Amino acid sequence: MYWQRVISIVCIYALLAVSFDLLAHFVGLVSLGGALFIGVGGYLSAIMNTSFGFPPLLAIPIATIAGAGICTLLLLPCLPLRGVYFAIVSLMYPLAMCRVIEALDILGGTDGIMGVDSFPNRWVEQYFVILMVLLFLFGVRRLVNLDLGLVLRAVKDNDQAVRASGMSITFYKAVAVFISSAMGCLGGACLVHIYMWSGMSLFALDFSILPIAATVIGGAGTIVGPVLGCLILVPVSELLREFGTLRIVFYSVILVAFIVFRSEGIMVYGQRKYHQIERWVKV
Amino acid sequence: MSDQPILEVKDVTKTFGGILALNRVSFHVNEGEILGIIGPNGSGKTTLINCITAFIKMTSGKVFFRGKDISRKPAHKIADMGLTRTFQIMRPYYSLPAYKNLVIPLFSPRAKRTGGWRGGGKLGDRNTVGIDILEEIGFERDSFVPYKMASTLPTGYLKRLELARCLALKPEIILCDEVFSGLSMSEIASMVPLIERLQMDGIALVMIEHRLRELFRVANRVMVLNFGEKLIEGTADEVMASKKVKEAYFGSEEVEEVMSYA
Ligand SMILES: Nc1ncnc2c1ncn2[C@@H]1O[C@H](COP(=O)(O)OP(=O)(O)OP(=O)(O)O)[C@@H](O)[C@H]1O
Ligand SMILES: [Mg+2]
């Protein structure tokens, strides 16, 4: 029962990590917006459920699409800019949202929104989130190999040539942000129905930082690697639950260690070893 | 053919901080014409192209494309209208094979509209159209060159790739920034017929060049820039006979070489 819950949490972080990897390594936008996506998706689904009476399995898809739209609009102003602006703005929004909810006492204020319906039963919850991770994992892997994916990579490597080809780089960045934030909002929407509560902790920094650590550990730019990273990092972080917010220190140490010692990530390392062994066996 | 010029540039001025890079430059390009632009290093030729195509914002002035004011349009909208450019410092997608480089422009709204991409919606189509365009521009189809990574291609092919990116958009005019520079004599000799073919296909060209001899062979008219100002404009002979040009290029062997050749 407890570990079942952990698997659900792994899946939600996996969605965030895939979303981070897509933006960072295929579009060139370093996003710290995990918390923003989770928060927007979570609150939307909670409102949809408690105020309009939509069942979770209807509220979640609506929150995913509408949330992605909202997040894309919020981030639109910094898309034409190059450099660190995107990272900074995507980090500022969740912090600002918390203060706004607190100060204006809207959306349940500091207590949050209670009485959110849970999934019909535990098995639906479990399989739904696992299915979503698989869906987006293979979807994104497919996407980056399509012609559209090629354009996204071109936006990262050589935006001037893309402009000279008659394409708006802001538009394609917005498309990518929409897809990414949809993944995050989906995760947030699932989360509120798992916890049956939506509160300010949805905007917690963990949702922005852990996916990055997971991506670095798993192997940046591989899409599958980040999911692998979450499978390792989230259970460990659950074991460290007693330490509370000190866990951020733990992510940071792991992040730094991996960057310093094995920057390629498990996935890339594994692939290389696999090829080596394959050659070795042949010989 | 109408009398209206395809491209008209009026009083374009650009300052970088206090430096005047372009000072009220005006010129026009007629339908199907090749206009050469020459000038010493740092005279503002690349800056002029950047201003016309909105890659940098001009300080003042106006640009008309087919009579329409495009001075305030963003770069991708200008390219979308058929006013394309190459980069002096080549900008291929280095991590992609040559033919995949063309999938990106073929994905653009203009390519979809103009049928530069004739595909029926299948994934492979842009690849084959890309290879067709590369063949047109001088990549040997049956060799491995179109499949090589752009990062391993020699300069000659990268220059062609720059042109190919424009061709994928079915352009009406191409602004070429030094497509001959860095090429060997024989490479240029094989490039010249390509340029002539583009003109025969009805594409107007603006060619910035330092290789005067080859430029004068293809250009209908030539304009000279010096310190951001237009010195003179006319046929190749008129330009070379001008005293002002000799002064601007004073001591340059290239001019003497061309003079003896003419
Ligand atoms: N981004 C910039 N910032 C400041 N000054 C610039 C910038 N770009 C160009 N300049 C200056 O403007 C002037 C014109 O430069 P430009 O690159 O247009 O010359 P060019 O005619 O293309 O030279 P070349 O033949 O070497 O290519 C130069 O003095 C250059 O230093
Ligand atoms: Mg130049």
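The values are calculated or read from the model by the stated rules, or taken from the named source; none is laboratory data. Since the model is a prediction, treat every value here as computed from it, not as a measurement. With ideal geometry, Cβ positions are generated from the backbone for all residues, glycine too; neighbour counts draw on all protein chains shown. Heavy atoms of the whole protein, side chains included, go into the accessibility calculation; ligands, DNA and RNA do not. Shrake-Rupley method; radii C 1.70, N 1.55, O 1.52, S 1.80 Å.
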What list of ³J(HN,Hα) values in whole Hz, one per residue of the stretch A:42-53 in order, does the Karplus curve 6.51 cos²θ - 1.76 cosθ + 1.60 (θ = phi - 60°) give from phi, with Gly and Pro shown as x?
x, 4, 4, 5, 5, 5, 4, 6, 7, 8, 10, x
Under the Karplus curve 6.51 cos²θ - 1.76 cosθ + 1.60, θ = phi - 60°, whole-Hz ³J(HN,Hα) for the stretch B:77-86, x wherever Gly or Pro sits
5, 5, 4, 5, 7, x, 9, 10, 8, 10
May I ask you to evaluate 6.51 cos²θ - 1.76 cosθ + 1.60, the Karplus curve with θ = phi - 60°, for each residue of the stretch A:157-166 and list the ³J(HN,Hα) values in order in whole Hz, giving x for glycine and proline?
7, 7, 5, 5, 5, 5, 4, 5, 8, x
Estimated FRET transfer efficiency when R0 is 45 angstrom, pair A:L131-B:K148 (beta carbons, to 0.05)
0.60
Tell me the per residue accessible area of the protein assembly as shown using a 1.4 Å probe; a whole number in Å² is fine.
45 Å²
Share of antiparallel DSSP beta bridges in chain B, in percent to the nearest 5?
55 percent
How much net charge surrounds A:A59 when only other residues with a Cβ under 15 Å from its Cβ are counted (Lys, Arg +1; Asp, Glu -1)?
-2
Greater than 25 Å apart at Cα, pairs in A:K173/B:K148; B:K77/B:K100; A:K156/B:K148:
A:K173/B:K148
Mind ranking B:85-96, A:223-234, A:243-254 by how tightly packed they are, going by the mean number of other C-beta atoms within 10 angstrom, highest first?
A:223-234, B:85-96, A:243-254
Taking amide H positions as placed in the peptide plane 1.01 Å from N, state which residues far from B:N226 in sequence (5 or more) or on other chains have amide H under 5 Å from it.
B:L231
Label-point separation (nm) for B:D132 and A:K273, each offset 7 Å from Cα along Cα-to-Cβ?
4.9 nm
Excluding ligands, DNA and RNA, the carbon-plus-sulfur percentage of the accessible area of the stretch A:68-166 with a 1.4 Å probe reads 66 percent
How high is the FRET efficiency from B:Q4 to B:A241, r the C-beta distance, R0 30 Å, rounded to 0.05?
0.50
Within the set of other residues whose C-beta is less than 13 Å from the C-beta of A:F26, count the net charge using Lys and Arg as +1 and Asp and Glu as -1.
+3
Name the residues of the stretch B:45-73 whose accessible area falls by at least 30 Å² when all protein chains are present instead of the chain alone, probe 1.4 Å?
B:F55
Would you mind getting me the FRET efficiency between A:Q4 and A:V84? Use the beta-carbon distance for r and R0 = 45 Å, nearest 0.05.
0.70
Return the calculated 222 nm mean residue ellipticity for chain B, to the nearest 500 deg cm²/dmol, obtained by summing -39500 (n - 2.57) across DSSP H runs with n ≥ 4 and dividing by the residue count.
-10000 deg cm²/dmol
Spin-label pair A:D105/A:F261, simplified geometry with 7 Å Cα→Cβ offset, distance in nm:
5.2 nm
